[in-house]
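Some notes on the structure that comes next.
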Amino acid sequence: MGTLYLVATPIGNLEDMSPRAIRILREARLIAAEDTRHTRQLLTHFDIHTPLTSYYEHNKLTKQDAILAALSQGDVALVSDAGTPAINDPGYELVKAALDANHPVSPIPGPSAPIAALAASGLPTESFLYLGYLPRKTSERKTLFEQVGQFPYTLIFLESPHRVLDALTDMEAFLGDREVVAARELTKIYEQFVRGPISQVKAHFTENEPRGEFVLIVSGQPSVSDQQWTEIQLLAAIQASLQSGKKSKEIAAELAETSGWNKKEIYALVTRAK
Ligand code: SAM
């Protein structure tokens, strides 16, 4: 009963190929690759001589039976052109078919552009939503941004260089001028992170034509408790509290929990408002 290995491969820097990935590719009975010519170069570099077969978007269903037959004889490794198979690359259907046929499926973890971009983005990482490629049409992007715009999670998108400016324009229009990070050419010579409010990042790429591969990371909707009140909002709350007879210390303690201002600042405003 062969195992289906999902082998991550470099997204631009061959040094990111793990020793385990090389061993699994050497030992597999068959390697199923998104683009055999592309993968052959990788195999040549690492002196791997395992037979190769193609498994790509448009033959993935017809190829499935042949790969399952190979799995019944031994291990099969699946690779995509770059990064982690099955993440915006062919793989999901094969994983499901292998599991349905009771084959173990095992990941050989390694590079993945969206995760590498998120980790170095500087935006919150504790919860995030990966949405793959942005839709091509503005109307579809608008619908998507409206669906996810209220989520507090960091949003991760893939985008092709010639649509980066349109994507940023729609993000600003439909999500507001949030923080964005354009992660470009990760692990390659011209790796670059452009960070800032969407308007600034857009201005950067208006002056510098977007080139290469991109991941766009956008901050989630800040939760109400994370947003600092304006001074006017705070003064209005202080007035209301004073009118209800509360003491300065009590007001400062209460409002410090919700306003994003600290007790000392609030106390000073209470004194001023009296
Ligand atoms: N499965 C792959 C992975 O785990 O990285 C993602 C495959 S998806 C078809 C390819 C897209 O990932 C590119 O169009 C680009 O948006 C992004 N990407 C791939 N390599 C990249 C890199 N070196 N720097 C930035 N983005 C990259």
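So the values come out like this:
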| quantity | calculated |
| --- | --- |
| Residue under evaluation residue 187, criteria (1) surrounded by fewer than 15 Cβ atoms within 10 Å (Cβ to Cβ); (2) in contact (Cβ under 8 Å) with a residue 12 or more places away in the chain; (3) within 16 Å of the ligand (Cβ to nearest atom); (4) in a loop (DSSP other than H, G, I, E, B), criterion not met | (1) |
| Strands (runs of 3 or more DSSP E) completely within region 1-105 that count 3 or more residues being touching a residue at least 40 places away in the same chain (Cβ under 8 Å) and buried (at least 22 other Cβ atoms within 10 Å of the Cβ) | 4-7, 30-33, 76-79 |
| Any hit, region 129-147, residues being in contact with a Ser or Thr (Cβ under 6 Å, 6 or more places away or on another chain) and either within 21 Å of residue 193 (Cβ to Cβ) or aromatic (Phe, Trp, Tyr) (or both) | no |
| Count of residues meeting criterion [among the polar types (S, T, N, Q) and either part of a strand (DSSP E or B) or under 16 Å from residue 121 (Cβ atoms) (or both)] in region 196-245 | 2 |
| Residue list for region 126-155, filter: closer than 19 Å to residue 177 by Cβ and either of a type in the set (Asp, Glu) or assigned to a strand (DSSP E or B) (or both) | 146, 154, 155 |
| Scope region 215-230; condition more than 16 Å from the ligand (Cβ to nearest atom) and in contact (Cβ under 8 Å) with a residue 60 or more places away in the chain; matching residues | 219, 220, 221, 222, 223 |
| Positions within region 120-179 being surrounded by 14 or more Cβ atoms within 10 Å (Cβ to Cβ), acidic (Asp, Glu) and more than 16 Å from the ligand (Cβ to nearest atom), in sequence order | 170, 172, 177, 179 |
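Residue-wise test of (1) at pLDDT below 90; (2) away from the ligand (no atom under 16 Å from the Cβ); (3) more than 30 Å from residue 160 (Cα to Cα).
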{"residue": "182", "(1), (2), (3)": "no, no, no"}
{"residue": "195", "(1), (2), (3)": "no, no, no"}
{"residue": "198", "(1), (2), (3)": "no, yes, no"}
{"residue": "213", "(1), (2), (3)": "no, no, no"}
{"residue": "232", "(1), (2), (3)": "yes, yes, yes"}
{"residue": "250", "(1), (2), (3)": "no, yes, yes"}
{"residue": "266", "(1), (2), (3)": "no, yes, yes"}
{"residue": "269", "(1), (2), (3)": "no, yes, yes"}
{"residue": "272", "(1), (2), (3)": "yes, yes, yes"}
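The values are calculated or read from the model by the stated rules, or taken from the named source; none is laboratory data. Just so it is clear, the structure is predicted and the values come from calculations on it, not from any experiment. Cβ atoms come from the backbone with ideal geometry, glycine included; neighbour counts cover every protein chain shown.
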